[in-house]
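Report on the following structure.
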Amino acid sequence: MDSTYYWSIVLILGLGTFLIRASFIYLSKYLNLSERALELFTFIPAAVFPALFIPMAFFHQGQVELFHQKERFIALLIAVVVSFKVRHIIGTILCGLFSLYLLQGLF
């Protein structure tokens, strides 16, 4: 693949993504949302993190490896327990990463 073609596609996709997001930010001051809708928007971060981390724990390398390669699932369980105890997202992520690092050395 030609590098000019690659970078032109990257720039076009980046510009498109920026324009989509910027349009919502710009147009948000003209929208009147109900209190219920604003309350529902507060749940978006809580829904995004499981959507990011669950596939990494269960669908590693394109295969379902539920309990076959246990270290990812065990690290996920450790991170969940820490998240309930600490209630700090960065601490939870760092604990999950550190436990996965340690567990990969053990298994």
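The values are calculated or read from the model by the stated rules, or taken from the named source; none is laboratory data. Source: prediction; values computed, not measured. Please note: Cβ atoms are built from the backbone with ideal geometry, for glycine as well, and neighbour counts cover all protein chains shown. We work out accessible area using only protein heavy atoms, side chains counted, and drop any ligands, DNA or RNA first. Shrake-Rupley method; radii C 1.70, N 1.55, O 1.52, S 1.80 Å.
Across all C-alpha atoms in the chain, the radius of gyration and Dmax reach 19.7, 55 Å. Inverting the pair-averaged 1/r between distinct Cα atoms of region 1-49 gives 13.7 Å as its Kirkwood hydrodynamic radius. Leaving out ligands, DNA and RNA, what percent of the accessible area of region 1-57 is carbon and sulfur, probe 1.4 Å? After summing per-atom areas, the C and S share lands at 75 percent.
Computed on protein heavy atoms with a 1.4 Å probe, the accessible areas place Lys29, Lys85, Lys70 in the order Lys85, Lys29, Lys70, largest first. Solvent-accessible area of Thr4, all protein chains in place: 100 Å² (probe radius 1.4 Å, heavy atoms, ligands and nucleic acids excluded). Computed with a 1.4 Å probe on the full set of protein chains, the accessible area for Ile54 sits at about 70 Å². Ranked by solvent-accessible area (1.4 Å probe, protein heavy atoms only, all chains present), the residues Phe58, Phe18, Phe41, Phe49 order from largest to smallest as Phe18, Phe41, Phe49, Phe58. Centre-to-centre, using Cα atoms only, region 1-63 and region 71-86 are separated by 26 Å. Of the listed residues Arg36, Arg72, the order by accessible area with a 1.4 Å probe, largest first, is Arg36, Arg72. Computed from the C-beta positions of Ile54 and Phe18 and an R0 of 35 Å, the FRET efficiency is 0.80 to the nearest 0.05.
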